[in-house]
Amino acid sequence: MIFLSIINHSHDEMIINNKELPLIAKKYNITIKSNTKASAALINYTNKYNIQLIDESYGLGFGCNNNYIFSYLVESNQISDSDYFLVINPDVTITLENIKKLEKNVNKLAADIYTINLYHDINFTQPELSIKKFPTILGPIMGLISKKTRNDAYNKSTITKPTIIDWAAGSFLLFTKLAYEKLNGFSDKYFMYFEDVDICRRSKIKKMHLMYLPDIKAIHKGAFKNRNILSKHFRWYLKSYFRYHFL
């Protein structure tokens, strides 16, 4: 069974407008952790579609919020050792059919973490650079400054079968329950950004595998707020960048 973990940071309207979630909720467990006070509309929505809503402990970072959900599922005896824990952004849209396909695929494979083929558009013509090699010291910063395509991204067009990769964006990461426990979840050293690189790097050190599944697709809108050098997101990005490389 796959357990979906969604962090809501004032994404109430976006979540409510996602027409796939109610369909997924009929078969799979969805838990939303609000990082800001949930609106009455979101509370009604989650009650209507039997989606768990954790509306407490606001202001946590991305990783800590997902760890919060995982601990809640463990402590309430909902998730078992044979299950999967899916970290998925509120701006990612995946169909029930693709979730079923994902579950069928991972049950046949032997990796510890999985990711899928994310696109920017509904026609699946604009692939997102969501799978990459581990970053060099200057790679991410130069990419932000120049606004050019990062040269550490894998070329998805050349990958046609399940493949082991370095790291994938935290917008969609599927962990075996045992792998998430072994890694102690995301590091609380990162508030936002690089927590996905860090957990994938730690998994590689432990000889755990991250597998990319090119045939399973989803849409990721992606705000990419860290690209505005005057924003707080860019400051968070820089802080995480230095922590990852030097601390």
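Please treat every number below as a calculation from the coordinates, not as lab data. As the structure is a prediction and not an experimental result, all values here were calculated from the model. Backbone-built Cβ (ideal geometry, glycine too); neighbour counts: all protein chains shown.
Just how far, in whole angstrom, is region 198-217 from region 71-116 if you go by their alpha carbon centroids?
Each part reduced to its Cα centre gives a spacing of 14 Å.
Net charge near residue 74, counting Lys/Arg +1 and Asp/Glu -1 over other residues with Cβ under 13 Å of its Cβ?
Within the 13 Å Cβ shell, the charges total -3.
Let a ≥ b ≥ c be the square roots of the eigenvalues of the Cα gyration tensor of region 7-135; is it rounded (a/c under 1.5), or, if not, prolate (a/b larger than b/c) or oblate?
Rounded shape, in that the Cα axes give a/c under 1.5.
May I ask for the net charge around residue 216, where only other residues with Cβ less than 11 Å from the Cβ of residue 216 are counted and Lys, Arg are +1 while Asp, Glu are -1?
Summing Lys and Arg as +1 and Asp and Glu as -1 gives +1.
Out of region 160-199, which trypsin sites (Lys or Arg not before Pro) are coil in DSSP terms and have no more than 16 other C-beta atoms within 10 Å?
189
At 0.36 nm per residue, minus the direct Cα-Cα distance, what do residue 9 and residue 189 gain on full extension? Give it in nm, one decimal, please.
Gain in length upon complete extension: 62.9 nm.
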